[in-house]
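Inspection log for the structure reproduced underneath, given as structure tokens.
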Amino acid sequence: MDELYAQESPYDSPWTVSQRVKMLLWEYVWMLCCSWTPKPANPWRIMWLKIFGARMYGTPFVHQRARIQIPWNLTMHHRACLGDRSNAYSLGKIEIGPEATVAQEAYLCSGTHAFDRPERNLITKPIYIGAHVFIGAQAFIMPGVYIGESAIIGACSVVTKNVAAHATVKGNPAK
């Protein structure tokens, strides 16, 4: 579901003060408690994500150098993986299905702006990544994209539209 945030101007934050404080606290917790941990400390990182509202099912893996903007908008299923330096820019909901892999430096972007309005309001659109999906290194997934089960996204691809189950897409825009 798309969400348009009320903003008086492009310079107004779409977030309440309490949301901004929680986001700042999250940033420091991840930096101090998680970003330096070795790979086997995944349960520790998952614990902190859960404390901040992420929904984790089974045993997902989150690399210590992954970045999660707003953890309470993230859902990961069993054996889902956020790779090294991947970025879950979770301004809106992001769900990663079981055994799906988001490779290194891939970017999942669930927010954009209303460019047809002078306020440039924030718009969030959910991203859903199905079971057994592989998203290649440095791929960019746009807001509102649904990636079907067992799809493969080529490295450095820009995905602007939904991807069917079992499809392989690559390029900019991904085809």
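When A41 is tested against the conditions (1) among the small types (G, A, S); (2) part of a helix (DSSP H, G or I); (3) open to solvent by 30 Å² or more (accessible area, probe 1.4 Å), the lone failure is (3). If I filter the stretch 106-118 for residues that are farther than 21 Å from K22 by Cβ, in contact (Cβ under 8 Å) with a residue 60 or more places away in the chain and in a loop (DSSP other than H, G, I, E, B), do I get at least one hit? Yes: the stretch 106-118 contains one or more residues that are farther than 21 Å from K22 by Cβ, in contact (Cβ under 8 Å) with a residue 60 or more places away in the chain and in a loop (DSSP other than H, G, I, E, B).
Residues in the stretch 99-124 that are open to solvent by 40 Å² or more (accessible area, probe 1.4 Å), within 20 Å of P60 (Cα to Cα) and not polar (S, T, N, Q): E99, E105, Y107. The numbered conditions (1) among the hydrophobic types (A, V, I, L, M, F, W, C); (2) touching a helix residue (DSSP H, G or I) at 6+ places or on another chain (Cβ under 8 Å); (3) more than 27 Å from T160 (Cα to Cα) are all true for I68 except (3). T160 fulfils the conditions (1) under 22 Å from P71 (Cα atoms); (2) among the hydroxyl-bearing types (S, T, Y); (3) open to solvent by less than 80 Å² (accessible area, probe 1.4 Å) except for a single criterion, (1). Scanning the stretch 49-80 for residues that are part of a helix (DSSP H, G or I) and closer than 24 Å to A131 by Cα gives L49, K50, P71, W72, N73. Sub-7 Å Cβ pairs linking a first residue in the stretch 15-31 that is free of Cβ contacts under 8 Å to residues at least 24 places away in the same chain to a second residue that is open to solvent by less than 100 Å² (accessible area, probe 1.4 Å) and outside any helix (DSSP H, G or I), at least 6 apart or interchain, are R20/S13, ordered by first then second residue.
Within the stretch 125-141, does at least one residue satisfy the condition of being in a loop (DSSP other than H, G, I, E, B), at pLDDT 95 or above, open to solvent by less than 70 Å² (accessible area, probe 1.4 Å) and touching a His at 6+ places or on another chain (Cβ under 7 Å)? Checking the stretch 125-141: not a single residue is in a loop (DSSP other than H, G, I, E, B), at pLDDT 95 or above, open to solvent by less than 70 Å² (accessible area, probe 1.4 Å) and touching a His at 6+ places or on another chain (Cβ under 7 Å). Restricting the stretch 49-71 to residues that are free of Cβ contacts under 8 Å to residues at least 24 places away in the same chain and out of contact with any strand residue (DSSP E or B) (no Cβ under 8 Å at 6 or more places or on another chain), the residue that is least open to solvent (accessible area, probe 1.4 Å) is G53. If you check I46, I96 for being surrounded by 13 or more Cβ atoms within 10 Å (Cβ to Cβ), β-branched (V, I, T) and closer than 25 Å to H113 by Cβ, only one passes: I96.
On the stretch given as the stretch 163-175, residues that are assigned to a loop (DSSP other than H, G, I, E, B) and over 15 Å from C109 (Cβ atoms) total 7.
For the stretch 9-36, give me the residue count where each residue is modelled with pLDDT of 95 or more, surrounded by 15 or more Cβ atoms within 10 Å (Cβ to Cβ) and outside any helix (DSSP H, G or I). Total satisfying the criteria: 0.
The values are calculated or read from the model by the stated rules, or taken from the named source; none is laboratory data. From a predicted model like this one, the values you see are computed outputs, not experimental measurements. Here Cβ is always computed from backbone atoms with ideal geometry, including for glycine, and neighbour counts include all displayed protein chains. Each accessible area value is taken on the protein alone, full model and side chains, heavy atoms only, with ligands, DNA and RNA left out. Shrake-Rupley method; radii C 1.70, N 1.55, O 1.52, S 1.80 Å.
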